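A quick write-up on the structure given underneath.
The values are calculated or read from the model by the stated rules, or taken from the named source; none is laboratory data. Worth saying up front: this structure is predicted, and the values here are computed from it rather than measured. Every residue, glycine among them, receives a Cβ derived from its backbone with ideal geometry; neighbour counts consider all protein chains shown.
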Amino acid sequence: MSSSSLLRVPDQDEPGRASPAPRKTKPRQHTGLQEIPSWFIRPGQLHCLLTTIFPNGEYDVDIDQDVYKIRAPRAISLRDIIRFKRY
């Protein structure tokens, strides 16, 4: 078998072949839906929690069948919720 019949992978620096663009890394964002039962935190406490964690208002809250459905840049931790349940 001759070497000319083998598949050859071109070098990255070979003319006519574009180098792959470097990847830009972005901070990981929480884009999923987080659900919290309404019995777990009062509406005022939830509002205080969200406005403290996300001061630019970058969250959205819906309530459906006594469950808060929250979309925010990051997940709300249990530690965050417990801290605001004291108020």
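Computed quantities for the displayed model
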| read-out | value |
| --- | --- |
| First in region 48-73 and under 11 Å from residue 33 (Cα atoms), second anywhere and small (Gly, Ala, Ser), Cβ under 9 Å, 6 or more apart | 59/72; 60/72; 61/72; 68/38; 71/32 |
| Scope region 52-81; condition within 14 Å of residue 41 (Cβ to Cβ) and surrounded by fewer than 11 Cβ atoms within 10 Å (Cβ to Cβ); matching residues | 66, 77, 78, 79 |
| Condition check for residue 81: at pLDDT 90 or above and hydrophobic (A, V, I, L, M, F, W, C) | no |
